[in-house]
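Working notes, beginning with the structure itself.
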Number of protein chains: 2
Amino acid sequence: MKVKAAYYKGNKHFSVETITPNAPEAGEVQIAVAYCGICGTDLHVYLGHMDARIGNHRVIGHEMSGTVVAVGSGVSDYSAGDRVVVRPLVACGKCPACLRGHAHVCQNLTFLGLDTDGAFQERWNVPAHTLHKIPDNLSLDEAALIEPVAVACHDVKRGNVQAGEDVLVIGGGPIGMLVALAAKNAGGKVTVSEINPSRLAVAEKLGMKTINPKETDAVETIMADTNNKGMDVVFEVSGTQPGIDLMTAAASVRGRIVMVAIHATKPEVDVFQFFWKELEMIGARVYEPADYDDAIALVADGGIPAKEIITGVEALANIEHAFSDLSGNPQAMKILIQCAEETPA
Amino acid sequence: MKVKAAYYKGNKHFSVETITPNAPEAGEVQIAVAYCGICGTDLHVYLGHMDARIGNHRVIGHEMSGTVVAVGSGVSDYSAGDRVVVRPLVACGKCPACLRGHAHVCQNLTFLGLDTDGAFQERWNVPAHTLHKIPDNLSLDEAALIEPVAVACHDVKRGNVQAGEDVLVIGGGPIGMLVALAAKNAGGKVTVSEINPSRLAVAEKLGMKTINPKETDAVETIMADTNNKGMDVVFEVSGTQPGIDLMTAAASVRGRIVMVAIHATKPEVDVFQFFWKELEMIGARVYEPADYDDAIALVADGGIPAKEIITGVEALANIEHAFSDLSGNPQAMKILIQCAEETPA
């Protein structure tokens, strides 16, 4: 059989080619990819920021859902027809991080869809140990949100958000919004700080308090809202110097700051505040298996209003246009690519 | 009766004056101060960096030991002859930090010996709730180390150092050295990074592994020493940009960085490493009552070789010379001022 696969070719260009998929190898599963969302990292690839890692003939994509169509030898936990999502991490199992139980931040981590071919194609072969089954009441388009929701669940777990705590999310893009929703589900009283008016509108629609730091003094507002206590937990998701400045200023004594954003440069950090207020900063990267379980439950139970986050679906043939559109559209939140034209079962 | 008190008068000048001490007020205790160490903060005062807070007629000093000579009304836990140290913190009891049990980082904290007159005098009146009794086998000169050792105990507690963990202390001044000793007592395998040869010699004498980052590649050495794992716990005690750079580079996946130093400027922090390695940074400031208990036990039991840390004792009359000497002497570690000429009991 022949299937379509979208190859990133460098310089904002994708080539959708017709290929013959390999059969799944031992321990692998072949998935008919239903939907695959465009991640911020994929956008970085598209913009050419990651060519050294990605090359110029790579199928990217990892925020996916699909249906098992074939299994390789030795795979007994999955069979054709299973509806699944992939946790796209393969650890080495041997490095100090793996040996201490932190395989998700393996020192030699392979990220499927970046370091290997990914899910912007009709058929995707992956190791069976990366799969999570999804419940019948979770639609495949909503299930394409599981990967970024698992990021958010991991972030909230790292921040140990408790019911009733004041939570600030700095940056209201797709991950920030999902972090805000996951923190709200954990019982946090969530404020989103964001400068993009359409994202502020989404946050308000989703029941968040919002601050536009371009229009109001964010710290003054936060201190007034919390009786001069400050925020118990701050998620820095903006990746900006103003976000870094706000995180330390907004945090309460003993406040926890979760570092979600990927800062490409070294910002100036008010380290004195860590001493003075005994702050903690906690890095958070990807997810552990339990975060996938939490994410699946959260989306299936409606804790994440997936339809509000998914702002568009495009055909695989239009992938280049979808990337181009997303990179220039401040209204867009999460765009899905529909990969297999007909998903079995 | 008349006693001597050393007033900081601004511009590296102290005036030793003869005064009549007030009787202790209700809830207060009057102490004959035996010894009071010169803290790094005191040195900042001497150098004029804190005049806005301190003024130009202030008795400073807080790293002290002494003997109770009188008690005010309502004080029943202490009586004349008790050998004590002071935990020089008075909290407001009303702010959000106090109400959540973090009185040591009270949002309106009064630090005795900075915000009030301190211990560089023969008699010192303090609230009875700030006292800790010391055991008979602890000499008063050694007891003057309790306050900085309590800082170190608090730092090690915040870093949650476990037996067998690899620990890096960046900066081998008095606090760094005490942190190294406290971490070693907690079972850590401690390396001290320092550029001052005489401090490196002290660290080696105290049984620490040392790195001079001016002479060797610190990160390469650390990775070789830990089988490419990195340090489990890093204490940043240098207050420098190179220290900030080393802390993120040297830390293991999920490593904990304890921010001990007071950074007067905002350094550039490799925040990406917090994401990538899921690092934690934990601020640590002063101490809680239990840290004083730990410090007293540690010094009394010989866990801190006080005689190696105390590099000089000066008379109160010579305080200005002692500050001058300390500020220009790379060999000095901890200098004590002997305050009351004759300590009762």
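The values are calculated or read from the model by the stated rules, or taken from the named source; none is laboratory data. Owing to the predicted nature of the structure, the values given are computational and were not obtained by experimental measurement. No Cβ is skipped: glycine too gets one built from the backbone with ideal geometry, and neighbour counts run over all protein chains shown.
Residue pairs, Cβ under 6 Å, 6 or more apart or interchain, first in the stretch A:299-315 and charged (D, E, K, R), second at pLDDT 95 or above. List them.
A:Glu314/A:Ala322; A:Glu314/A:Ile337
Collect the residues in the stretch A:144-171 that are more than 14 Å from chain B (Cβ to nearest Cβ), in a strand (DSSP E or B) and of a type outside the set (Val, Ile, Thr), keeping them in residue-number order. Outline the logic, then answer.
The first filter runs over the stretch A:144-171 and keeps only residues more than 14 Å from chain B (Cβ to nearest Cβ), leaving A:144-150, A:152-153, A:156, A:161, A:163, A:167-169.
Of the ones still in play, those that are also in a strand (DSSP E or B) are A:167-169.
Once the filter is applied, which keeps residues that are more than 14 Å from chain B (Cβ to nearest Cβ), in a strand (DSSP E or B) and of a type outside the set (Val, Ile, Thr), the stretch A:144-171 yields only A:Leu168.
Which condition breaks for B:Glu215 when tested against (1) more than 13 Å from chain A (Cβ to nearest Cβ); (2) surrounded by fewer than 17 Cβ atoms within 10 Å (Cβ to Cβ); (3) under 15 Å from the mean Cα position of the chain (by Cα)?
Only one criterion in (1) more than 13 Å from chain A (Cβ to nearest Cβ); (2) surrounded by fewer than 17 Cβ atoms within 10 Å (Cβ to Cβ); (3) under 15 Å from the mean Cα position of the chain (by Cα) is unmet by B:Glu215, namely (3).
How many residues, within the stretch A:228-249, are in contact (Cβ under 8 Å) with a residue 24 or more places away in the chain, over 15 Å from A:Ile195 (Cβ atoms) and part of a loop (DSSP other than H, G, I, E, B)?
Going through the stretch A:228-249 one residue at a time, the tally reaches 2.
Output the number of residues of the stretch B:116-135 satisfying the condition of being more than 18 Å from B:Pro88 (Cβ to Cβ) and without any contact (Cβ under 8 Å) to a residue 40 or more places away in the chain. Show your work before the answer.
Let us first name the residues in the stretch B:116-135 that are more than 18 Å from B:Pro88 (Cβ to Cβ), namely B:135.
Now restrict to residues that are without any contact (Cβ under 8 Å) to a residue 40 or more places away in the chain: none.
Of the residues in the stretch B:116-135, 0 are more than 18 Å from B:Pro88 (Cβ to Cβ) and without any contact (Cβ under 8 Å) to a residue 40 or more places away in the chain.
Residues checked against (1) surrounded by 23 or more Cβ atoms within 10 Å (Cβ to Cβ); (2) under 30 Å from B:Thr130 (Cα atoms); (3) in the same structural domain as B:Ala91 (by TED's automatic domain parsing); (4) at pLDDT 95 or above:
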{"residue": "B:Ala249", "(1), (2), (3), (4)": "no, no, no, yes"}
{"residue": "B:Val269", "(1), (2), (3), (4)": "yes, no, no, yes"}
{"residue": "B:Gln273", "(1), (2), (3), (4)": "no, no, no, yes"}
{"residue": "B:Leu279", "(1), (2), (3), (4)": "yes, no, no, yes"}
{"residue": "B:Pro289", "(1), (2), (3), (4)": "no, yes, no, yes"}
{"residue": "B:Ala297", "(1), (2), (3), (4)": "no, yes, no, yes"}
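Restricting to the stretch A:10-51, count the residues that are under 25 Å from the mean Cα position of the chain (by Cα) and at positive phi. Talk me through it step by step, then tell me what you get.
Quick first cut of the stretch A:10-51, residues under 25 Å from the mean Cα position of the chain (by Cα) only: A:10-16, A:28-51.
Now restrict to residues that are at positive phi: A:10-12, A:48.
So the answer is 4.
Does A:Ile296 fit the bill of being more than 7 Å from chain B (Cβ to nearest Cβ), in contact with a helix residue (DSSP H, G or I) (Cβ under 7 Å, 6 or more places away or on another chain) and farther than 20 Å from B:Lys277 by Cα?
On the way: more than 7 Å from chain B (Cβ to nearest Cβ): yes; in contact with a helix residue (DSSP H, G or I) (Cβ under 7 Å, 6 or more places away or on another chain): yes; farther than 20 Å from B:Lys277 by Cα: yes.
Against the criterion (more than 7 Å from chain B (Cβ to nearest Cβ), in contact with a helix residue (DSSP H, G or I) (Cβ under 7 Å, 6 or more places away or on another chain) and farther than 20 Å from B:Lys277 by Cα), A:Ile296 qualifies.
Among the residues of the stretch B:261-285, write down those that are more than 7 Å from chain A (Cβ to nearest Cβ) and among the β-branched types (Val, Ile, Thr).
The one that is more than 7 Å from chain A (Cβ to nearest Cβ) and among the β-branched types (Val, Ile, Thr): B:Thr265.
Checking the condition surrounded by 15 or more Cβ atoms within 10 Å (Cβ to Cβ) and out of contact with any strand residue (DSSP E or B) (no Cβ under 7 Å at 6 or more places or on another chain), which residue from A:Asp301, A:Asp325 passes?
None of the others qualify; the one that does is A:Asp325.
Could you tell me which residue of the stretch A:299-316 is nearest to the other protein chains (Cβ to nearest Cβ), considering only residues that are among the hydrophobic types (A, V, I, L, M, F, W, C) and part of a helix (DSSP H, G or I)? Can you show your working first?
In the first step, residues of the stretch A:299-316 are kept if they are among the hydrophobic types (A, V, I, L, M, F, W, C); the result is A:299-300, A:304, A:306, A:309-310, A:313, A:315-316.
Among the residues that remain, those that are also part of a helix (DSSP H, G or I) are: A:299-300, A:306, A:309, A:316.
Details: A:Val299: 24, A:Ala300: 27, A:Ala306: 26, A:Ile309: 22, A:Leu316: 31 Å.
Selected residue: A:Ile309.
Spot the failing condition for A:Lys307; the list is (1) touching a His at 6+ places or on another chain (Cβ under 9 Å); (2) surrounded by fewer than 23 Cβ atoms within 10 Å (Cβ to Cβ); (3) closer than 24 Å to A:Glu147 by Cα, and only one is missed.
(1)
Would you mention how many residues in the stretch B:191-212 are under 22 Å from the mean Cα position of the chain (by Cα), closer than 16 Å to B:Met247 by Cβ and not in a loop (DSSP other than H, G, I, E, B)?
3
Table: residues versus (1) assigned by TED's automatic domain parsing to the domain that holds A:Leu112; (2) under 25 Å from A:Asn137 (Cα atoms); (3) not in a loop (DSSP other than H, G, I, E, B).
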site	(1), (2), (3)
A:Ile60	yes, no, no
A:Met64	yes, yes, yes
A:Ser76	yes, yes, no
A:Ala80	yes, yes, no
